[in-house]
Amino acid sequence: MLDGGEGTAAATPQPLEWKFSQVFGERTAGEEVQEVDIISAIEFDRTGDHLATGDRGGRVVLFERTDAKDHGGHRKDLEMMDYSISRHPEFRYKTEFQSHEPEFDYLKSLEIEEKINKIRWCQTANGALFLLSSNDKTIKFWKVQEKKVKKICDFYVDLSRAMGNGPVVCSSMSTSSKPCMENGGCNDSPFGYTSIETSLPSGGIPSLCLPVVVNSHETSLVAKCRRIYAHAHDYHINSISNNSDGETFISADDLRINLWNLEISNQSFNIVDVKPANMEDLTEVITSAEFHPTHCNMLAYSSSRGSIRLIDMRQSALCDTHSKLFEEQEVPASRSFFTEIIASISDIKFAKDGRYILSRDYMTLKLWDINMDSGPVATFQVHENLRPKLCDLYENDSIFDKFECCLSGDGLHVATGSYSNMFRVFGCSEGSTEATTLEASKNPIRRQVQTPTRPSKSLGPLPRVLRRGADTSGVDVNGSAFDFATKLLHLSWHPTENLLACAASNSLYMYYA
């Protein structure tokens, strides 16, 4: 998270200069967007060479990086080239497949929509891609692999060529001279059954047409559903997360977290259950869950009351108690009707090294050090300018929107979405006041908001600061009022480079720095 050297620690980090890279599925002016085309999930794989998106129509679309392949070779060869190799990352459409279909639960009289809630990449093997996709009730394990296309090169073949390719089918049939009846039945058949045999010439039929199938050099991508993990959740699935052991994953709904083995689809283990004996006593629900990136026994989950619990699966089979609890102490004077609603955490993400957890509630981004549970080490204001409008946001249900968050691979930046198809990027290294607002469009209008920091007592390598990154104007970067109908909920940061993929309605935008 921090610069290592003493010389670099004193210098103020330079804000990232974001530039437009690509867009897929861009709308034309006045074009109506179909509900099924709206992107509902987005995820880079571990290498960053592939990107997956899911939409409300139950489809998964895969993209692959092309610029890295174009510049293969040794570094010396690349340095000797006349053209620059510092081109921005480029992706292209790879394939798509229908992951989920709409279903109907007849026992509960409940429609289960096909919308993809989460996508998670699994470890690759033998050149094939593996990923998990989930809707509200069912998780599917997909294998996407290139297969050679088989073609029929010559359909009409003469007998001599057919014999060269192998035995002729018709010549291998029985030419027995047993007495046969008029209808083709044989009196001398074993077990009393009547067999139907056709008497053919011993040399076969020279004019028989046989297809010759050969493997061409062309390949096609085939997506195959390997396993279906179903009937384990009574409530809507809000999270799935792969374990670092490569063998297991978790799925979470409002009240339970289940542990699965990728190879076993008919059995899961319930490891967290917050359902009370009497549902009237329910005070909070699970909103997000994620495995630790390196410790296979640790995972964290967030709640609707703004708390994050870190649990260790080695302690017990059912993890009723947590190892650590992360929550910010509430200021009594600031409590209102909306306090609990806006405190609900919609998403959590571990940093790559597993030391920090990033959480997103309606108003802020918070960065937590897992070694310090007294409070967040940094807070980034995202929607502070909307505080006077909470009543209106409650009336139109916008206050319940679930924004995702993400961290850069080096842990020096965090990002999250907002309204009017905008997203915000904050610097979280020591001394950084970076707070950039961008709009998801071909011409993002960047506005640097230098945010004063208020340092407090340092309790770890990352000083605890309260970072005010909000504008109080109540307008977007174009100076107009926020459009609550256009919201950027889903985004993902490339694991090794400063590349952001953002989903705005049915369009996928990419930006690099």
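The values are calculated or read from the model by the stated rules, or taken from the named source; none is laboratory data. Remember, it's a predicted structure, so these values are computed and weren't measured experimentally. In this analysis, Cβ positions are derived from the backbone assuming ideal geometry, glycine residues included, and neighbour counts consider all displayed protein chains. These area figures cover heavy atoms from the full protein model, side chains too; ligands, DNA and RNA do not enter into them. Shrake-Rupley method; radii C 1.70, N 1.55, O 1.52, S 1.80 Å.
A few comments on the model shown:
- In nm, spacing of pseudo-spin labels at PHE338 and SER323 (7 Å Cα→C-beta vector): 3.7 nm
- Residues with amide H under 5 Å from that of LEU499, placed H, sequence gap 5 or more: HIS494
- ASN371-THR47 FRET efficiency (beta carbon distance; Förster radius 30 Å; 0.05 resolution): 0.55
- Residue by residue, the stretch 416-424 carries 3J(HN,Hα) couplings of 7, x, 8, 8, 6, 6, 9, 9, 10 Hz when phi is fed to the Karplus relation 6.51 cos²θ - 1.76 cosθ + 1.60 (θ = phi - 60°); x denotes Gly or Pro.
- Label-reachable residues, the stretch 44-60, where backbone N falls under 14 Å from a point 7 Å from THR219's Cα toward its Cβ: none
- Taking amide H positions as modeled 1.01 Å from N, with prolines and chain starts lacking one, the residues under 5 Å from THR416 and 5 or more places away or on another chain are ARG424.
- Over 21 Å between alpha carbons, listed pairs LYS137/LYS402; LYS115/LYS275; LYS137/LYS275: LYS115/LYS275
- Three-way shape call for the stretch 299-375 based on the alpha-carbon gyration tensor, with the a/c threshold at 1.5: prolate
- Contour minus Cα-Cα distance for GLU111 and ARG305 (0.36 nm per residue): 67.0 nm
- Using θ = phi - 60° in the Karplus curve 6.51 cos²θ - 1.76 cosθ + 1.60, the 3J(HN,Hα) couplings for the stretch 40-54 round to 10, 7, 8, 7, 7, 7, 5, 8, x, 8, 9, 10, 10, 10, x Hz; x is entered for Gly and Pro.
- Listed by chain and number, the lysines whose alpha-carbon sits under 21 Å from that of LYS442, ignoring those within fewer than 8 places in the same chain, are LYS19, LYS487.
- Annotation: extensible slack from PHE20 through ASP37 equals 3.9 nm (criterion: 0.36 nm per residue apart, minus Cα-Cα distance).
- Per-residue SASA remark: MET298, around 30 Å² accessible (1.4 Å probe; ligands, DNA and RNA not included).
- Projected label distance in nm at ARG87 and ASP410, using a 7 Å step from Cα toward the beta-carbon: 2.4 nm
- Spin-label model distance (nm) - ALA29 vs CYS391, 7 Å beyond Cα toward Cβ: 3.8 nm
- Subtracting the Cα-Cα distance of PHE400 and GLN145 from 0.36 nm times their residue separation leaves 87.9 nm of extension gain.
- Spatially proximal lysines relative to LYS150 (Cα-Cα < 30 Å; intrachain offsets below 8 disregarded): LYS69, LYS94, LYS140, LYS224
- The HN-Hα couplings worked out from phi for the stretch 126-134 by the Karplus form 6.51 cos²θ - 1.76 cosθ + 1.60 (θ = phi - 60°) are 6, x, 9, 9, 10, 8, 9, 10, 9 Hz, whole numbers, x standing for Gly and Pro.
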